[in-house]
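Structure first, then comments.
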Amino acid sequence: MGASAAPVEAGGGAASAGATYPVRTDEDLITVRHAVRAATVETGFGLVDQTRVVTAASELARNAYIHGGGGTVTIEFPRNAGRRGVRLTVRDEGPGIPDLEAALADGFTTGSGLGHGLGGARRLMHEFEVHTEPGRGTTISVTRWNTQ
């Protein structure tokens, strides 16, 4: 087994603006979950919102790992109208998503999962954006704002 993944690029600590983590192993998935949890704590999210963001991150990172052949997760801390948030950008260089609308529908799965990954992540976050192209990979950017 490989060593625990460290950020590929970082502007400071593990959960600082612009920290990018590889998603190539099961251990990387755990590292991403811990980094995202730390980011939500740093941003002042309550426990319920922390869980929402970590769950979305876990689903998206796992999709990049399983379906996209690996990729990266970047954690950023946007500000808007006095609010702080956590933005996650998940990239892979896999086959892309041939039918995005179908993939966002509950129950759609290309594997053995329940088919709640993309649609569930979309519901957990305030902002959700997907760029995908068959044969060129997928980039998903999600943001949750601290509304407390």
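Just so you know, all these numbers are worked out from the coordinates, no wet-lab data involved. Please read these numbers as outputs of a predicted model, since none were measured by experiment. Methodologically, a virtual Cβ is constructed for each residue, glycine included, from the backbone with ideal geometry; neighbour enumeration extends over all protein chains shown.
Annotations
- Per-residue HN-Hα couplings for the range 86-98 [Karplus 6.51, -1.76, 1.60; θ = phi - 60°; Hz; x = Gly/Pro]: 10, 10, 10, 10, 10, 10, 9, 10, x, x, x, 10, x
- Here the range 115-139 is scanned for amide nitrogen atoms under 18 Å from the site 7 Å beyond the Cα of residue 80 along Cα-to-Cβ, giving 121-131.
- Label point distance in nm, residue 93-residue 147, each placed 7 Å from Cα along Cα→Cβ: 3.9 nm
- Our estimate of slack between residue 20 and residue 123, defined as 0.36 nm per intervening residue step minus the Cα-Cα distance, is 34.7 nm.
- Each principal axis of the Cα cloud of the range 44-108 was taken in turn, and the coordinate range along them, longest first, works out to 38, 24, 21 Å.
- Modelled label positions at residue 100 and residue 131, each set 7 Å beyond Cα in the direction of Cβ, lie 1.1 nm from each other.
- Estimated at 0.36 nm per residue, the fully extended path between residue 34 and residue 55 surpasses their Cα-Cα distance by 6.4 nm.
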